[in-house]
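Q: Got a structure for you, questions after.
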Amino acid sequence: MTYPSSKNGNKKPQSRQKGRTERRSKDSNARLHDQASLDIAAHEAALQCKGRDTSAIEGRNPNQKRYIAGIKSSPITIGDGPAGVGKTWLVAALAAEMLEAKEIDKILLTRPAQEAGEKLGFLPGEKEEKYEPYLQPFREALEERLGKSTLEYYLKVGKIEGAPLAYMRGRTFKNCLMILDEAQNTSAVQMKMFLTRAGEGSRIVVNGDLAQQDTFGESGLKVAKRKVGYLPSVKLVEFSTADVVRSGLVQEVLEAWEAPELPPNELTSNVKEV
């Protein structure tokens, strides 16, 4: 009696295995296609949403106008100034406008993982979840301009990416608006690293407030202003308390905080008796 060789005997099982693999692959591709179709449909529906803000983005003072012009036309824009002058909102709103107009393919949002004078400790979840608190100021402005559904869609497909500054090393971003916030907390090495991540068609916006530095040593923002602030391709905008647009209260607090302190005897003499 002649028995089939093991080589020939395995043909049928291998063929069945190959068929099952191909069917699973087709089913997986079909599910991905269906999900992509749903995402696109949701995105298109979100674009027709009337709830989002589509008003023109205009500066409310000369420095805001210079800042907007820099983001629109300069490869690098540096904004340094106190809280409340509109740096974060303006760049997020302009980024959303550029993405919708297809002037750029991606928005990168990053900042150093440095808390404001305190330690938050362990944060649960994946990298994206851990970093979410740092992105919240951008998220609010982007949602206002894009609508919630469109924002979630762009985050899902990677058109908007948020990541800690430490994850930027070794990467290159093409046709991207790269936004570095809280830049006063970067080191000179980190700032140089970020500024050299820009690829073809990308623009960079660096925001910060040197008066609110939470790190030791010379700030990377201060170094950047000194070393590249004079270049023709760089637009440097220095805001002051006079540019605050958040509220009159914020401006009042900042002006009082920066004013020279009175000696104790003068403070006492200025207190009105009831």
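Q: Step through the residues of the stretch 152-165 one at a time and calculate ³J(HN,Hα) from phi using the Karplus curve (6.51 cos²θ - 1.76 cosθ + 1.60, θ = phi - 60°), rounding each to whole Hz and writing x for Gly and Pro.
A: Once θ is set to phi - 60°, the couplings for the stretch 152-165 become 5, 4, 5, 5, 5, 8, x, 6, 10, 10, x, 7, x, 4 Hz.
Q: Would you mind checking which residues have amide H under 5 Å from L236's amide H? H placed 1.01 Å from N; only 5 or more apart, or other chain.
A: I78
Q: Mind ranking 151-157, 80-86 by how tightly packed they are, going by the mean number of other C-beta atoms within 10 angstrom, highest first?
A: Ranking, from highest mean packing down: 80-86, 151-157.
Q: Determine the alpha carbon to alpha carbon distance for each of K156/K222; K148/K222; K72/K156; K148/K227 and list only those over 32 Å.
A: As for pairs spanning more than 32 Å Cα to Cα, those are K156/K222; K148/K222; K148/K227.
Just so you know, all these numbers are worked out from the coordinates, no wet-lab data involved. From a predicted model like this one, the values you see are computed outputs, not experimental measurements. When we count neighbours, we look across all protein chains shown, and the Cβ atoms used for this are built from the backbone with ideal geometry, even at glycine.
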